[in-house]
Amino acid sequence: MTIRTFAQLLEAALQRGPRRVAIVGAGQEQTLHAVRMARHLGLADCILIDDPHRLQTVARQEGIDIGNLETINEPDMVQAAYKAVEMIHKEEVDLLMNGRALPVELMQAALDRAKGLRIGKLITDVSVFEIPDFDRLIFVSDVAMIVSPTLAQKVAIVQNAIDTAIELGVEKPRVAILAATEMVNPEMPSNMDAANLSKMAERGQIHGGYVDGPLAMDNAISLKAAKMKGISGEVAGRADILITPDVESGNILAKAIAYFAHGHMAAVVVGAACPIIMPSRSDPPEQKMLSMALGVYLSK
């Protein structure tokens, strides 16, 4: 079944849960509300890693009972992240999640070459959006991890996004490599990368989906715009996955979808030994819980 809504994602995740989730920096009100929701639904059993005083203070202020939850005393977020990674290696938990820690603090531990969660793949972010009036989920990558990706890194970003979409039942995802214009322009490096990625997919160097680019945003998601500009193909106007040129444009696109289009987001980091649940620190509890559901669904 193709998962087209977050309601379907949550239902599917519940069938695979509960999973054990170590939360780095759990002492945050939105995170603790998400923990309570996930526990009530049977989605996840959470281990809270943070300063115990902070955890108790936030829980008391929010009226959340954490008395029956396992807590680990570690106020330093980098050390908390290393503790969570260690718990993955010991098979004490199934997943990691970020609460109030800076993403760089969590990823420092996850990317550690000696102690981290590398498995030989590029570790990238995949953000999934449910957008009003769209008949499908939209995947965007990479909005958080690779600042200025090389062409080789973009190949891995595209492949990770395709693999994630396939996991959610998209049989052959349509991938739009975004650029400012659909015309191949040698003076625009990201535009040339898009053309190269499209050709690499034709040659089987990227597999599992249709890949086309460069495509401007309108041509990627609007059949009307694509037809008006004479652009055809499997992807034009029907993209499932949007690949941005770099992390800045990706992050701006993600925030624009959330704040202008009122889209809801679930985000994970993939390519590691386990999915890393990576909601925005400012996400409301419901969205943090949806990111948890995405991580649970993708976990093995």
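The values are calculated or read from the model by the stated rules, or taken from the named source; none is laboratory data. Everything numeric here is computed off the predicted structure, so don't read it as measured data. Note: ideal-geometry Cβ built from the backbone for every residue, glycine included; neighbour counts use all protein chains shown.
Annotations for the structure displayed:
Rundown of residues vs (1) in contact with a Pro (Cβ under 8 Å, 6 or more places away or on another chain); (2) surrounded by fewer than 20 Cβ atoms within 10 Å (Cβ to Cβ); (3) within 30 Å of ALA81 (Cβ to Cβ), yes/no style:
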| residue | (1), (2), (3) |
| --- | --- |
| LEU95 | yes, no, yes |
| GLY99 | no, no, yes |
| PRO103 | no, yes, yes |
| ALA110 | no, no, yes |
| ALA144 | yes, no, yes |
| PRO186 | no, yes, no |
| MET200 | no, yes, no |
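- Selection of region 67-99 for residues being more than 27 Å from the chain's Cα centre (by Cα) and touching a residue at least 12 places away in the same chain (Cβ under 8 Å) yields only ASN73.
- If you go through region 40-72 and pick out every residue that is in contact with a strand residue (DSSP E or B) (Cβ under 7 Å, 6 or more places away or on another chain) and in a helix (DSSP H, G or I), you end up with 2.
- One residue stands out among those in region 252-300 that are part of a helix (DSSP H, G or I) and in the same structural domain as GLU130 (by TED's automatic domain parsing): the one that is surrounded by the fewest Cβ atoms within 10 Å (Cβ to Cβ), which is TYR259.
- ASP193 vs. criteria within 18 Å of GLY250 (Cα to Cα), more than 22 Å from the chain's Cα centre (by Cα) and buried (at least 21 other Cβ atoms within 10 Å of the Cβ): yes
- Selected residue (criterion: farthest from GLY169 (Cα to Cα)) from residues of region 77-135 that are part of a helix (DSSP H, G or I) and of a type in the set (S, T, N, Q): GLN79
- Condition check for ARG100: closer than 16 Å to GLY271 by Cβ and either among the β-branched types (Val, Ile, Thr) or out of contact with any helix residue (DSSP H, G or I) (no Cβ under 6 Å at 6 or more places or on another chain) (or both): no
- For first residues located in region 207-222 and on the phi > 0 side of the Ramachandran plot and part of a loop (DSSP other than H, G, I, E, B), partners that are β-branched (Val, Ile, Thr) and surrounded by 24 or more Cβ atoms within 10 Å (Cβ to Cβ) and lie 6+ apart or on another chain with Cβ distances below 7 Å form the pairs GLY208/ILE162.
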